Amino acid sequence: MTHLTTADHPQTRRAIRALSLPALIRVVTEIDDNGPISRRRGSLQSTFDDLSAPQLRHAIDRARDFGLIHGDEDERVRYRLTDSGEDLAEVYDTAARWARAHQFPTLAGDFVTRVQHTLDLLGHAPALAHAAARLGNSYGMVVPGGAVLDGEAIAALEGPQRVLAAWLKAHAYVLHYTALGSLRAADEWEPAA
């Protein structure tokens, strides 16, 4: 497993935690999968009817803060992904594919939960790499959250890890933003949307 050089840094862990917000994952992936959200009355609320108004507002604010979405008052489109948002959607998709392939965190899980738990796991990448090197590929390893991953699953984490590291490197302002301590207390693991 390659080493996510900054995963053991608190700033990176805060950024990963911020990117793991269920409502943010929903907003980014919904727009990525289904296109921009229009200004038509009620379209935002009907698109995200599973999110409370405060959750949705917080996710939209965070997506704007991170430069993931853009909206123009003069356009018919209310919100669309920026290039950064499209790149993050790819990070989320890669994390979900890995989780589905390795039944993480459980055999049956939804997209948001898979992404959230995989990103959390990537926040522990240095410790996982060290433990995997000690155990070799013949043993399973209990990871944060209690799941057991085999050597193949741990080695395959290199894909999501590489994509996440590249995204964080290309969008370093997210690291700086989260380091400023401007994240609200609500950013701590909120329940899955």
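Apart from one condition, Gly67 fits all of (1) over 15 Å from the mean Cα position of the chain (by Cα); (2) at positive phi; the exception is (1). For segment 83-126, give me each residue that is surrounded by 16 or more Cβ atoms within 10 Å (Cβ to Cβ) and of a type in the set (Val, Ile, Thr). Val91, Thr94, Val112, Thr113, Val115, Thr118 - these are the residues of segment 83-126 that are surrounded by 16 or more Cβ atoms within 10 Å (Cβ to Cβ) and of a type in the set (Val, Ile, Thr).
Given the residues Ala127, Ala133, which is the only one that is modelled with pLDDT under 75 and either under 21 Å from Leu19 (Cα atoms) or part of a strand (DSSP E or B) (or both)? Full working, then the answer.
Working: Ala133 fails: either under 21 Å from Leu19 (Cα atoms) or part of a strand (DSSP E or B) (or both).
Answer to the check: Ala127.
Only one entry in Ala96, Ala59 is among the hydrophobic types (A, V, I, L, M, F, W, C) and touching a Lys or Arg at 6+ places or on another chain (Cβ under 6 Å), namely Ala96. There is no residue in segment 183-190 that is within 18 Å of Leu21 (Cα to Cα), modelled with pLDDT of 70 or more and not β-branched (Val, Ile, Thr). All conditions in (1) part of a helix (DSSP H, G or I); (2) modelled with pLDDT under 85; (3) under 28 Å from His124 (Cβ atoms) hold for Met1, with the sole exception of (1). Scan segment 94-116 residue by residue and report those that are under 15 Å from Ala156 (Cβ atoms) and assigned to a helix (DSSP H, G or I). Those that are under 15 Å from Ala156 (Cβ atoms) and assigned to a helix (DSSP H, G or I): Thr94, Ala95, Ala96, Arg97, Trp98, Ala99, Arg100, Ala101, Arg114. Scanning segment 148-180 for residues that are surrounded by fewer than 18 Cβ atoms within 10 Å (Cβ to Cβ), outside any helix (DSSP H, G or I) and touching a His at 6+ places or on another chain (Cβ under 9 Å) yields a single hit, Asp150.
Candidates are the residues of segment 40-64 that are among the polar types (S, T, N, Q) and touching a residue at least 24 places away in the same chain (Cβ under 8 Å); the one that is nearest to Ser20 (Cα to Cα) is Gln55.
Can you report the number of residues in segment 4-40 which are farther than 22 Å from Arg64 by Cβ and at pLDDT 75 or above? So that I can check it myself, show each step before the final result.
Filtering segment 4-40 down to residues farther than 22 Å from Arg64 by Cβ leaves 4-10, 13.
After this cut, where a residue has to be at pLDDT 75 or above as well, the list is 10, 13.
Total satisfying the criteria: 2.
From Val115, Val91, Val27, grab the single residue that is without any contact (Cβ under 8 Å) to a residue 60 or more places away in the chain and either closer than 23 Å to Gln161 by Cα or not polar (S, T, N, Q) (or both).
Details: Val115 fails: without any contact (Cβ under 8 Å) to a residue 60 or more places away in the chain; Val91 fails: without any contact (Cβ under 8 Å) to a residue 60 or more places away in the chain.
The conditions single out Val27.
Criterion applied to Ile69, Ile37 was being touching a helix residue (DSSP H, G or I) at 6+ places or on another chain (Cβ under 8 Å), touching a residue at least 24 places away in the same chain (Cβ under 8 Å), closer than 13 Å to Glu86 by Cβ and surrounded by 15 or more Cβ atoms within 10 Å (Cβ to Cβ), and the one residue passing it is Ile69. Residues that are acidic (Asp, Glu) and in a loop (DSSP other than H, G, I, E, B) were ranked within segment 28-85; the one that is nearest to Val115 (Cα to Cα) is Asp50.
The values are calculated or read from the model by the stated rules, or taken from the named source; none is laboratory data. Remember, it's a predicted structure, so these values are computed and weren't measured experimentally. Neighbour counts are summed over all protein chains in view; Cβ atoms, including those assigned to glycine, are modelled from backbone coordinates with ideal geometry.
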